[in-house]
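Here is the structure we will look at, set down as structure tokens.
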Amino acid sequence: MDGSIDAITNNIQLALAPVFLLTAIATLLNAISTRLARSVDRMRAIQQRIHDGTVVDQAALSHMMLEADEAKIRGRLCTVAVFFVVLSGIFISLTVLELFFFQAGAGRLMKTSFVIWTFVFGLISFMTSLTIVLVEVVYAYRSAGWHDPHH
């Protein structure tokens with residue numbers, strides 16, 4: 001009886017371990033979405049001021065256009081990061097499903113290599129997303145407007 005309880009406990013732990021990674025994925029998705037929203041809002045605000053025609057100083061206008069372009073690049077980086085973090089979530093979710101089916105006895109029909117590959121692809125996608133977020137953060141810092149002609 002103890003052996004079966006240990007086996008059940010082990011199976012639950014095995015199936016739940018990737019679920020904790022899904023929590024990290026959701027947290028990262030939230031953070032990236034916030035950064036994307038801020039970039040889009042900033043780009044819209046700058047474009048609104050440019051199109052209003054209230055900025056007459058040519059140096060300020062060219063600086064604002066540069067800043068709008070930088071916000072657009074940041075938005076693109078965030079969008080690519082969202083793609084990879086969602087892809088990671090899909091792969092990790094597939095891993096959880098595969099582990100569940102293995103534990104339910106349907107695993108005989110599937111190869112164990114599927115679990116390995118979906119988990120590995122999930123981690124690679126997650127790391128890719130983290131790398132892109134790092135690039136976006138560094139780019140945001142470097143383009144923060146330190147060279148604004150009016151400050």
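A few remarks follow.
- The listed residues are Ala31, Ala45, Ala17, and the only one of them that is in contact (Cβ under 8 Å) with a residue 24 or more places away in the chain, hydrophobic (A, V, I, L, M, F, W, C), in a helix (DSSP H, G or I) and surrounded by 11 or more Cβ atoms within 10 Å (Cβ to Cβ) turns out to be Ala31.
- Ser93 fulfils the conditions (1) without any contact (Cβ under 8 Å) to a residue 24 or more places away in the chain; (2) surrounded by 15 or more Cβ atoms within 10 Å (Cβ to Cβ); (3) among the hydroxyl-bearing types (Ser, Thr, Tyr) except for a single criterion, (1).
Every read-out reported here was derived from the displayed coordinates using simple, explicitly stated rules and does not represent laboratory data. Remember, it's a predicted structure, so these values are computed and weren't measured experimentally. Here Cβ is always computed from backbone atoms with ideal geometry, including for glycine, and neighbour counts include all displayed protein chains.
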